[in-house]
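Since the structure comes first, as structure tokens, the remarks are kept for the end.
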Amino acid sequence: QCFRALCCKGPPPARPEYDLVCIGLTGSGKTSLLSKLCSESPDSVVSTTGFSIKAVPFQNAILNVKELGGADNIRKYWSRYYQGSQGVIFVLDSASSEDDLETARNELHSALQHPQLCTLPFLILANHQDKPAARSVQEVKKYFELEPLARGKRWILQPCSLDDMEALKDSFSQLINLLEDHEAVRM
């Protein structure tokens, strides 16, 4: 009886996998955040040109994240990579210049209204909270006009930095909950 309990359990249940797209301007910290979540050294991070895909493991899910480069000449092609996405991660540099913040705002508005993304869960990360010039989550929410624009959509706006991995992991746990709810509604 004891032997059967130890040896005949079978494999652990499979974790659900979700395909996500990660967008944001160059320098917002997309690659660094994803690398850190994958326990890779952020020292060797190079800005993404084109796109890269990372499988980010969590206890209750695996996130297959397609990170798209944020340079001017790449952003116009973002929509070609949206198909098949089940959720969106948008990273913004909360300590960036007014011009970059305005560009990020426009890109987020485009993504929230894009036909392939508009019904999907969004995790919006206000990165670089450890920098002195960082805007608070409330300032970002107001500046980006998230309340009126994203009303009725499933989204989370969270502060983050590479220094606070627990908060970052918590943000992703909240996203996983939204993804699970979204999948349950679709079925």
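Odds and ends about this structure:
- Whichever residue in region 41-60 is open to solvent by 50 Å² or more (accessible area, probe 1.4 Å) and of a type in the set (A, V, I, L, M) and, among such residues, is nearest to Gly70 (Cα to Cα): Val46
- Of the residues making up region 95-104, those that are part of a helix (DSSP H, G or I) and touching a residue at least 40 places away in the same chain (Cβ under 8 Å) are Asp100, Leu101, Thr103, Ala104.
- Residue match in region 162-180 (condition: in contact with an Asp or Glu (Cβ under 7 Å, 6 or more places away or on another chain) and either part of a strand (DSSP E or B) or surrounded by 14 or more Cβ atoms within 10 Å (Cβ to Cβ) (or both)): no
- Filter pass, His182 being touching a Pro at 6+ places or on another chain (Cβ under 7 Å) and modelled with pLDDT under 95: yes
- Complete set of residues in region 29-52 that are under 16 Å from Asp130 (Cβ atoms) and of a type in the set (Gly, Ala, Ser): Gly29, Ser32
- So Val56, is it under 16 Å from Trp155 (Cβ atoms), in contact with a helix residue (DSSP H, G or I) (Cβ under 7 Å, 6 or more places away or on another chain) and either of a type in the set (S, T, N, Q) or outside any loop (DSSP other than H, G, I, E, B) (or both): no
- Total residues in region 9-27, condition at pLDDT below 95 and open to solvent by less than 70 Å² (accessible area, probe 1.4 Å): 3
- The condition of being buried (at least 17 other Cβ atoms within 10 Å of the Cβ) and within 16 Å of the chain's Cα centre (by Cα) holds for only one of Ala134, Ala95, Ala111, that being Ala111.
- The set of residues in region 60-92 that are more than 11 Å from the chain's Cα centre (by Cα) and among the aromatic types (Phe, Trp, Tyr) comprises Tyr77, Trp78, Tyr81, Tyr82.
- Matching entry among Leu63, Leu25, Leu101 (being under 22 Å from Ile176 (Cα atoms), touching a helix residue (DSSP H, G or I) at 6+ places or on another chain (Cβ under 9 Å) and not small (Gly, Ala, Ser)): Leu63
- Region 28-40: number of residues that are open to solvent by less than 60 Å² (accessible area, probe 1.4 Å) and in a loop (DSSP other than H, G, I, E, B): 3
- Extreme residue, modelled with the lowest pLDDT, among residues of region 108-148 that are assigned to a helix (DSSP H, G or I) and aliphatic (A, V, I, L, M): Leu146
The values are calculated or read from the model by the stated rules, or taken from the named source; none is laboratory data. Keep in mind it's a predicted model, so treat the numbers as computed, not measured. Backbone-built Cβ (ideal geometry, glycine too); neighbour counts: all protein chains shown. Keep in mind that these areas ignore ligands, DNA and RNA; they rest on the heavy atoms of the full protein, side chains included. Shrake-Rupley method; radii C 1.70, N 1.55, O 1.52, S 1.80 Å.
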